[in-house]
């Protein structure tokens, strides 16, 4: 069990000594997840809102599909996106395999269903009473839609927090699409997988702690945001 | 009150716009990087060359000599060959001679060149319940089979797994897939050794990984080397540039430069001098 202790000590050593390999992995992790989260929030919030707010044919069926996609295994996403991005694949010309944007594309597939499903749930939960109140106040349709979006902001924030957690910690997509190339696409999670396979368990624990610290920082800033809005 | 509400909304919208904007900037930055990466040679290799630190020791000398930047992806031999077949890498450094020859025969690679070898060893508990110590590999495997002692296999189509299956065949035995004593870990070499250690079973490993395992165990490894030195246990590594006729996008000239350099005097000397925990790991054997 010594390696757990080692891990704590090494984690601080890595951060305090500004270990370049660790900082490169932190940067790769943040770039990939930042990109993925930006894209999936931009796409996911409007889609989730539409799915929760409006009634239309096949709504239930679409909801079930989105909920099912919450269970997509990351290794499977990695394989499917690899098939698209490989040189011989349909998107091979774009040269996205083994790049950070390539990883981000896979992570968008992972986080998009989370954003859509949780936004839709928040909108559905807020909808009924609010809708009636706003109508009785004489609001027009556009005002009702805008106010509903505003009222569910905390629900959307919760969706963002959940999706960020998944994206920051996944390893299957980063390994398959990124290729774990040192100084380029090695993220913290793929570095943990590598250190573990090398038998450097202490180093693996240290990197895990570094990732937790990043998650803590992200969540503290989001909690700050929640208080202010 | 009304003002505050408006202010909050603006703030909320701002946060989202900033997120979106930074996303766009990341994209732009990455695009320019991707263009720059076009000049880099991409190699697929096996975990053994990377985990032992050989490549980080060797490749800076290559870049210094030729000015060619190189990146590598270390993975199982099966996946490395697949990445070559799909034109995702320019060159391979792998160790599964028969699969490599097939790869070249199918037109996926050209000019396969042998570079160096290390060796495999059979390891097991020091008590050696199947009495394989000092035997030839074939006799040792037959002894494990008839004693029904646990044997842990990689089971992952890696070079080591391919070697193991060849050894069962050389011992005139069916691959014991169905036997309860034959366990497939589906993991890398070091995790597999750890599984074998927990189960007090035998396994086949490359020598380098065993040296790392032994040193991590600090003098009390639960598994020891029982069979080594048999000629069939030699593990040949080769460099294969991906065939430019199969993949028009590959940087064939650079791949060829790497192949020439690896079989040349400087790299061969460096490989021979490389030590892991004080022990030589790879023996250079490129044809001069």
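Only the coordinates and a few stated rules stand behind these numbers; no lab work does. Everything quoted here is computed from the prediction, not taken from an experiment. Please note: Cβ atoms are built from the backbone with ideal geometry, for glycine as well, and neighbour counts cover all protein chains shown.
The requirement of being in contact with a helix residue (DSSP H, G or I) (Cβ under 9 Å, 6 or more places away or on another chain) and within 13 Å of another protein chain (Cβ to nearest Cβ) is fulfilled nowhere in the stretch A:205-214; no residue meets it. Of these, A:125, A:120, A:146, which one is surrounded by fewer than 16 Cβ atoms within 10 Å (Cβ to Cβ), more than 14 Å from chain B (Cβ to nearest Cβ) and part of a helix (DSSP H, G or I)? Step by step, each of A:125, A:120, A:146 is checked, and only A:125 is surrounded by fewer than 16 Cβ atoms within 10 Å (Cβ to Cβ), more than 14 Å from chain B (Cβ to nearest Cβ) and part of a helix (DSSP H, G or I).
Among the residues of the stretch A:149-170, which ones are within 14 Å of another protein chain (Cβ to nearest Cβ) and assigned to a loop (DSSP other than H, G, I, E, B)?
Going through the stretch A:149-170, the residues within 14 Å of another protein chain (Cβ to nearest Cβ) turn out to be A:149-157, A:159-161, A:163-164, A:167.
Within the stretch A:149-170, just A:152 meets the criteria.
Which residue is nearest to residue A:52 (Cα to Cα), if the candidates are limited to the stretch A:83-108 and must be part of a helix (DSSP H, G or I) and free of Cβ contacts under 8 Å to residues at least 60 places away in the same chain? Ranking the qualifying residues of the stretch A:83-108, first place goes to A:84.
Taking the criterion of being within 18 Å of residue B:195 (Cα to Cα) and either in contact with a helix residue (DSSP H, G or I) (Cβ under 7 Å, 6 or more places away or on another chain) or assigned to a strand (DSSP E or B) (or both), the residues of the stretch B:214-240 that qualify are B:221, B:222, B:223, B:224, B:225, B:226.
Output the residues belonging to the stretch B:73-88 that are touching a residue at least 12 places away in the same chain (Cβ under 8 Å) and facing another protein chain (nearest Cβ under 7 Å).
Initial filter on the stretch B:73-88 (touching a residue at least 12 places away in the same chain (Cβ under 8 Å)): B:73-81, B:83-85, B:87-88.
Result: B:73, B:87, B:88.
Considering the stretch B:204-232, the residues that are under 21 Å from residue B:94 (Cβ atoms) and away from every other protein chain (no Cβ under 14 Å) include one that is farthest from the chain's Cα centre (by Cα), namely B:231.
Going through B:132, B:144, B:115, B:123 one at a time, which residue ends up being buried (at least 19 other Cβ atoms within 10 Å of the Cβ), out of contact with any helix residue (DSSP H, G or I) (no Cβ under 9 Å at 6 or more places or on another chain) and under 20 Å from residue B:207 (Cβ atoms)? Spell out the reasoning first.
Working: B:132 fails: out of contact with any helix residue (DSSP H, G or I) (no Cβ under 9 Å at 6 or more places or on another chain); B:115 fails: out of contact with any helix residue (DSSP H, G or I) (no Cβ under 9 Å at 6 or more places or on another chain); B:123 fails: out of contact with any helix residue (DSSP H, G or I) (no Cβ under 9 Å at 6 or more places or on another chain).
That would be B:144, the only listed residue that is buried (at least 19 other Cβ atoms within 10 Å of the Cβ), out of contact with any helix residue (DSSP H, G or I) (no Cβ under 9 Å at 6 or more places or on another chain) and under 20 Å from residue B:207 (Cβ atoms).
Test residue A:202 against the criterion of being over 30 Å from residue B:47 (Cα atoms), surrounded by 15 or more Cβ atoms within 10 Å (Cβ to Cβ) and in contact with a helix residue (DSSP H, G or I) (Cβ under 7 Å, 6 or more places away or on another chain), and give yes or no. Against the criterion (over 30 Å from residue B:47 (Cα atoms), surrounded by 15 or more Cβ atoms within 10 Å (Cβ to Cβ) and in contact with a helix residue (DSSP H, G or I) (Cβ under 7 Å, 6 or more places away or on another chain)), residue A:202 does not qualify.
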